[in-house]
Structure formats: C-alpha cells, structure tokens
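Okay, so here's the structure we're looking at.
The values are calculated or read from the model by the stated rules, or taken from the named source; none is laboratory data. Keep in mind that this is a model prediction, so the values were computed, not measured. Virtual Cβ from ideal backbone geometry, glycine too; neighbours counted across all protein chains shown.
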Amino acid sequence: MTGIKIISTGSCLPRRVVTNDDMAALVETSDQWITQRTGIRRRRFAAPEEDTVSLALGAARAALESGGVPPEKIGAVLVATFTPSTLVPNTACLLQQQLGLPQDVTALDLNSACSGFLYGLRVARGLLCQEPDRYVLVVGSEVLSRVVDFTDRGTCVLFGDGAGAAVVAAAPEAPFVWTAGARGDAQALRCAGITGSGGPLSPVVQMDGREVFRFAVDTVPRAIRRVTEEAGISGSQVDWYLCHQANARIIAHVAKTLAQPEEKFFMNLSEYGNTSAASIPIALDEMNRGGLLRRGQKLVLAGFGGGLTWGAALMEW
Ligand code: UT7
C-alpha cells in the first residue's frame, strides 16, 4: 500500500468579512461571548454571485497553479461538501469542465460534513493505489451562510464560507496512517436534504452544541492517539497538529488531553469561523503559504462533525 503526499495547496475565501459585531446586529449575542466561547472573531460570507462551485474552483486553480500541475495530470477530483449548489451535476463534474480536466477523470462529491476533507484524503489514497502516476485533487468547499438559521444564536455565529484544495500524489515511502469512524446520530447535528413531502428544499443547520462539544473532545484525542501509536511515534514527535477549526476551546482540550503544547495546534478559526469540510484545507494552505511546513515534517490532521463522523490522519509533509 502506498503512502500519499500533498504536493500543493490552494484556498479561496469570499471577500465579504462579517464581524462578531455584525452578528450582534442580527441576534442577541456579543463579540465578547463569541470570542470567549469559541475564539471566532470574524467569518466570510459568500456574495450572491459566489457559491460552492466558484469557491471550489478558486481553491482548485490556486492549488494547481502553485504546484505547477497541468490539468491532464489529474486522475480524480473529489469535492467534500454538504452545501452543493446542485446535486446533479455534482460539484466535481463542474470542476472537471471548468478546470479543463481530462474526461477520463473520476469526479466525485462526498459528504461527511466537517470530516469530509479527511475522508477525501482516504479515498484519494485508495485511488492512488490503483493509479499512482496521476494525481488526485481533493477540495473542501462550503457556503454554510446559506444553510444557517439567522435567528438561532447558538449556530449562526459559528459558521463561515470558503474552500480549500490539495493536490495529492502517491508517495510509496511516505507514511499515511488513518483512522475514522461514524456514529449515526440525527439529533446532535442535522441539515435536511430532500424531504418526503417533495416540497421545496430549505435546509437549515440544527445543532446541540454541547453534545457536539462533548463528542469532539472525547473522539478527537482518541483518534489522534490511535494514528500516532499505529505509526510508532510519540505525540511529541509530531511537528504540527491540524484539527478541524470549530472552536478554540475544543482544540485546547485536545492539546491538554494529549499533553502537547497548544502552539503545535495551528488555528485560524478567529478569521474564518467553522467552514466545515473546507476548514482543514484552508488552514493547510495558510500554513503552507506562511512557510510553516517543511518537507519531512510529521503532520496530524483530525476532523469531527455531523454524522456524527470523525477521522485522523498522520502524514509527512
Ligand atoms: O463542525 C462541528 C460543528 N459544531 C461544533 O463544533 C460545535 C461544538 N460546540 C461548541 O462549540 C459550543 O457548545 C458552542 C459554542 C456551540 C456553545 O458554547 P457553550 O459554552 O457550550 O454554550 P452553551 O450551549 O452551554 O450555552 C451557554 C449559554 C446559554 O444560555 P443559558 O441557557 O445559560 O442562559 C445559551 O443560550 O450561552 C447562550 N448562548 C449564547 N449567548 C450569547 C448560546 N449561543 C449564544 C450566543 N451569544 N451566540
């Protein structure tokens, strides 16, 4: 079984910045509450002309360009999202067309909510085992501002829009240790899809925040421990931990449970809020462009979210 390496990254954020004070004009909340309870200060919301496809396209183009990757080298495109603009065609097919990817590409959307990018990496690895001489483009893209209830202060202040992308290659010598799970739960975090009534779709995110918090601080450290143990390394040998960017308090809990310094846990949620499947690839791109990542460093990615789903991956940069 081959390992994988991320050879380039890209991201695309809407230009519109929405501050905590802006949110306080909509619901009964405050900058102080949001900052203290979550670490979020701002988020980006898509303009009417932006959507999951345009953000995914921006992130994917940036990843291809920064890696000097010609479109014909892409053998599969995977888009993790639970806010697609259309169910059919899927977002990945629209990227095939708009990026000029070859027609013999595998084009797949996948929905594992906030764990989607991590699940995507695993699928990419499987595809690369079969076709190691081409690359897989893995994208996370969301417009959560279109599915939040702007009367529910418990959810609407948390989420933001954006997209991140990574070009992934087979790397036989590189480690890739992965764990994941799913525990079906339609109460803790939910967003409706096509309903039995056949009426118009109006999906809205509903969440039991405390329950998801408890789930995250229980599951994520265990998943991380599992991949480091399987890789035969200690937590301190990991150079960077990159957790799904949902809440700074969750990340602080994870660091404490693992007895690792918080400085090793990259965070950019203060700027973008929780962008679900896009949060890890956006953060990876920021780390990459900011010069924080050096080849050979050990990186643990960890996600959790609706489903409920979770996953962690240990890989080498
Ligand atoms: O991608 C995965 C998706 N989700 C998550 O990761 C979310 C995980 N959960 C969380 O991050 C936290 O549970 C929240 C940030 C959602 C909530 O923080 P909390 O510390 O767990 O607050 P809480 O739900 O226990 O609520 C405490 C109080 C309540 O008031 P009472 O009942 O004590 O009077 C809430 O009504 O805070 C109130 N509250 C707010 N107050 C001001 C809830 N939301 C807000 C708000 N502004 N935006």
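Can you tell me which residue in segment 117-142 is nearest to LEU57 (Cα to Cα), limited to those that are among the hydrophobic types (A, V, I, L, M, F, W, C), touching a Gly at 6+ places or on another chain (Cβ under 9 Å) and part of a helix (DSSP H, G or I)? Filtering first and then ranking leaves PHE117.
The set of residues from segment 157-177 being surrounded by fewer than 21 Cβ atoms within 10 Å (Cβ to Cβ) and out of contact with any Leu (no Cβ under 6 Å at 6 or more places or on another chain) comprises ALA171, PRO172, GLU173, ALA174, PRO175. Consider segment 106-145 and keep the residues that are over 27 Å from MET23 (Cβ atoms) and charged (D, E, K, R). The one that is farthest from the ligand (Cβ to nearest atom) is ASP133. Within segment 54-63, the set of residues being closer than 18 Å to SER276 by Cβ and either charged (D, E, K, R) or at pLDDT below 95 (or both) is empty.
Considering GLY235, GLY303, which residue is in contact with a Phe, Trp or Tyr (Cβ under 9 Å, 6 or more places away or on another chain), within 17 Å of TRP178 (Cα to Cα) and without any contact (Cβ under 8 Å) to a residue 60 or more places away in the chain?
Exactly one of GLY235, GLY303 is in contact with a Phe, Trp or Tyr (Cβ under 9 Å, 6 or more places away or on another chain), within 17 Å of TRP178 (Cα to Cα) and without any contact (Cβ under 8 Å) to a residue 60 or more places away in the chain, namely GLY235.
For first residues located in segment 64-80 and among the charged types (D, E, K, R), partners that are modelled with pLDDT of 95 or more and lie 6+ apart or on another chain with Cβ distances below 6 Å form the pairs GLU72/PRO102; LYS73/ARG134; LYS73/TYR135.
For segment 58-73, name all the residues that are of a type in the set (A, V, I, L, M) and surrounded by fewer than 24 Cβ atoms within 10 Å (Cβ to Cβ). ALA62, LEU64, VAL69, listed by residue number. Sort through GLN206, GLN245 and tell me the only one that's of a type in the set (S, T, N, Q), closer than 27 Å to ALA186 by Cα and touching an Asp or Glu at 6+ places or on another chain (Cβ under 9 Å). Among GLN206, GLN245, only GLN206 is of a type in the set (S, T, N, Q), closer than 27 Å to ALA186 by Cα and touching an Asp or Glu at 6+ places or on another chain (Cβ under 9 Å).
Answer yes or no: is there a residue in segment 88-104 that is of a type in the set (Gly, Ala, Ser), part of a loop (DSSP other than H, G, I, E, B) and at negative phi. Checked segment 88-104: no residue is of a type in the set (Gly, Ala, Ser), part of a loop (DSSP other than H, G, I, E, B) and at negative phi. Of all the numbered requirements in (1) within 13 Å of the ligand (Cβ to nearest atom); (2) assigned to a helix (DSSP H, G or I), VAL148 misses one, and that requirement is (2). Cβ separations smaller than 8 Å between residues 6+ apart or across chains give the following pairs from segment 15-33 residues that are within 15 Å of PHE159 (Cα to Cα) and free of Cβ contacts under 8 Å to residues at least 24 places away in the same chain to residues that are small (Gly, Ala, Ser) and within 8 Å of the ligand (Cβ to nearest atom): ALA24/SER30. Considering segment 1-53, the qualifying strands (runs of 3 or more DSSP E), each wholly inside and each with 1 or more residues that are among the hydrophobic types (A, V, I, L, M, F, W, C), modelled with pLDDT of 95 or more and closer than 30 Å to ALA174 by Cα, run over 3-12.
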